[in-house]
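In what follows, a single structure is set out as structure tokens and then discussed.
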Protein chains: 2
Amino acid sequence: MQRSHIQSDFSRLSLNQVTTRRWSLREAVEGCLQAGVPAIALWRDKVAEVGLAEAAHIVRESRLRVTSLHVGGDFPAASEAERRARIDDSRRAIEEAAELGAEVLSLRAGPAPDRDIDTARAMVVKGIEQLIPDAQERGVKLVVEPLHPMFAADRSVVVTLSQANDILDRLDSPQVGLVVDAYHVWWDPDLYDQIEQAAGRIIGFHIDDWKPNTLPHMSRVMMGDGVIELRRIRTAVDEAGYSGPIEVEIFNETYWNMPGDEVLELMKERYVEHVL
Amino acid sequence: MQRSHIQSDFSRLSLNQVTTRRWSLREAVEGCLQAGVPAIALWRDKVAEVGLAEAAHIVRESRLRVTSLHVGGDFPAASEAERRARIDDSRRAIEEAAELGAEVLSLRAGPAPDRDIDTARAMVVKGIEQLIPDAQERGVKLVVEPLHPMFAADRSVVVTLSQANDILDRLDSPQVGLVVDAYHVWWDPDLYDQIEQAAGRIIGFHIDDWKPNTLPHMSRVMMGDGVIELRRIRTAVDEAGYSGPIEVEIFNETYWNMPGDEVLELMKERYVEHVL
């Protein structure tokens, strides 16, 4: 394994493969091994590209930790049939996660099919509830991730940690936890209280940054290039008892256009500088 | 006065002049008179274009109600001198509001000058506090407006109604209230509870809509063209005891490129259809 020039403790670091989106699953796995990044988070489209069996073989052979699989969910839909189809798809995602040895399956809430956001939110809770037995059987944890409120109408009716905590209260199952993603929650005046509230339920922590005055698809940037108090949030998440993986998950063309190896070096550098 | 073809009760309707941004202050006033819109909200740059005295003369002569003046605030800054300069500017805005007969001065919180959002938030509270005596003396109400969290890093560290309610608790002054702007708060799982909490403090209600899957500067649209439950929010605001003006405030090139008279007709139509 080629040694990176940065010496530090990368034992919790995980590459969410969307950060190096142009890489195939195999390239991402090899990139992590090269860079001494001990874990990876996978996306279902990237798994499908190579096929589930081959993907499982690649990650097992690599001995990388598979911290999560993205993404199931998208629960709200206009018809009962469509809602059932989404649940069925999430069940397949649970199977895939188990096959890949992924510890958690990330669930995206999805948007409302109409203006009735309360009903859509109820569909999310009901949807997750239906998945719990499957998740239990396959030993996969389900994770609720609040997205930034700017995605409330097109990606997720779950938009705050407070709301995620309420959902977990209602579900009351050790099979379901939440993820704190810095980009999605940094603005929240209630952030640190809600992280404390989430003690024992945090099963994922994503890092990235928020760059002001930028178009939304360019606003999610490398740690240190934005305004988020990343070390403060990481400390709060740790103090809430979380000691699991820290995933770098950045959707941004800028990094997709860089050679993957350089992205990994940059991410390690910034992790040490702004997060550890 | 030319009668519009839409017959309904427009007694609470107010045109925020940014909605017809290409119009001068005089054109906006005349447009309201033509359309039977009884009130207008002004912007300081539009007032400055024609001069304060002339602007005051135009609106007084029109007998339109001046529901608000935009905008003071932008409190957080890196140096004490800069913070003082912002306060001084807001004091001038209070003078201008009084001169124009505007009932309230809208305060924008402003972004943090660095990563320390808590300190910036404290500067906002301190800033408003310093303005209260001036506002009292000139009979102008100050209004805290939470902006959508996507503006947290470049326009306003105040991003939720819950936070605005907390700020009002701390200030504890009848001179300060809050505004509910549908576009900024619709996504909030705590929306209706916080509107109830705000009973007696709501001194402004802005209507517009949120269009999904759009670039942010195009996402603020005419009532009915987005996903917001406008009538439901209007009813909640009314039930919290608010009976004041309902301002149409839409920043969007699409409407700026339309003839102003058509924008006013459309806005009246949509007001009846989606808000009243």
- Task: Collect residues whose amide H, placed 1.01 Å from N in the peptide plane, falls under 5 Å from the amide H of A:ILE202; neighbours closer than 5 in sequence don't count.
- Result: A:LEU178
- Accessible area (Å², per residue) of segment A:13-274, counting only protein heavy atoms and a probe of 1.4 Å: 38 Å²
- Query: Which entries in A:LYS126/A:LYS268; A:LYS46/A:LYS141; B:LYS126/B:LYS211; A:LYS268/B:LYS126; A:LYS141/B:LYS211 show an alpha-carbon gap greater than 31 Å?
  - Reply: A:LYS126/A:LYS268; B:LYS126/B:LYS211; A:LYS268/B:LYS126; A:LYS141/B:LYS211
- Message: Could you compute how fast chain B diffuses translationally, taking Rh as the Kirkwood radius over C-alpha pairs and applying Stokes-Einstein at 10 °C with viscosity 1.306 mPa s? Give it in µm² per second.
- Response: 85 µm²/s
- Whole-Å semi-axes of segment A:64-110's equivalent ellipsoid, largest first, each the root of 5 times a Cα gyration tensor eigenvalue? 24, 10, 4
- Note on the structure: Rounded to the nearest 5, the percent of DSSP beta bridges in chain B running antiparallel is 5 percent
- Item | For A:ASP238, label point 7 Å along C-beta direction: distances to other copies, nm | 5.4
- Relative to the other copies, what are the label-point distances for B:HIS57, with labels 7 Å from Cα along the C-beta vector, expressed in nm at one decimal and sorted shortest first? 8.6
- Query: With contacts defined as alpha carbon pairs under 8 Å and 6 or more residues apart, what's the relative contact order of segment B:87-152 in percent?
  - Reply: 48 percent
- Query: What average count of beta carbons from other chains do you get within 10 Å of the Cβ of residues in A:145-158?
  - Reply: 4
- Query: Tell me: how much accessible area in total is hidden between A and B, 1.4 Å probe, Å², nearest 100?
  - Reply: 2400 Å²
- Note on the structure: Checked against the positive end of the charge dipole of the protein assembly as shown (+1 on Cβ of Lys and Arg, -1 on Cβ of Asp and Glu, about the Cα centre), the farthest of B:ILE250, B:LEU142, A:SER156 is B:ILE250
- Any idea what the A:ARG92 label distances to the other copies are, label 7 Å down the Cα→Cβ vector, nm, shortest first? 6.3
- Note on the structure: Sorted on mean Cβ neighbours within 10 Å (highest first), peptides A:24-33, B:204-213 come out as B:204-213, A:24-33
- Under the definition of partner shielding as Cβ atoms of other protein chains within 10 Å of a residue Cβ, what is the mean value for peptide B:109-119? 3
- Note on the structure: Among B:TYR192, B:ILE202, B:VAL221, the residue whose Cα sits farthest towards the positive end of the charge dipole of the protein assembly as shown, when +1 is placed on the Cβ of each Lys and Arg and -1 on the Cβ of each Asp and Glu, is B:VAL221
- So, relative contact order of segment B:13-274 in percent, Cα under 8 Å, 6 or more apart, is 18 percent
- Protection proxy ranking, peptides A:124-134, B:97-107, average beta carbon neighbours within 10 Å, highest first: B:97-107, A:124-134
- What the Cα atoms of the protein assembly as shown span along the principal axes, largest first and in whole Å, is 81, 56, 40
- Task: Could you rank the peptides B:238-251, B:44-57 by their average count of other C-beta atoms within 10 Å per residue, with the highest value first?
- Result: B:238-251, B:44-57
- Item | Gap separating the Cα centres of segment A:150-198 and segment A:246-276, nearest whole Å | 24 Å
- Note on the structure: Inter-chain shielding metric for A:180-192, i.e. average beta-carbon neighbours from other chains within 10 angstrom, reads 4
- Note on the structure: In deg cm²/dmol, rounded to the nearest 500, the helical mean residue ellipticity at 222 nm of the protein assembly as shown, built from -39500 (n - 2.57) for every DSSP H run of length 4 or more, is -13500 deg cm²/dmol
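The values are calculated or read from the model by the stated rules, or taken from the named source; none is laboratory data. The shown structure was predicted, so the numbers you read here are calculated from the model rather than taken from an experiment. Quick reminder, even Gly has a Cβ in these numbers, built from the backbone with ideal geometry, and neighbours come from all protein chains shown. Just so you know, the surface numbers come from the protein's heavy atoms only, side chains and all, with ligands and any DNA or RNA stripped out. Shrake-Rupley method; radii C 1.70, N 1.55, O 1.52, S 1.80 Å.
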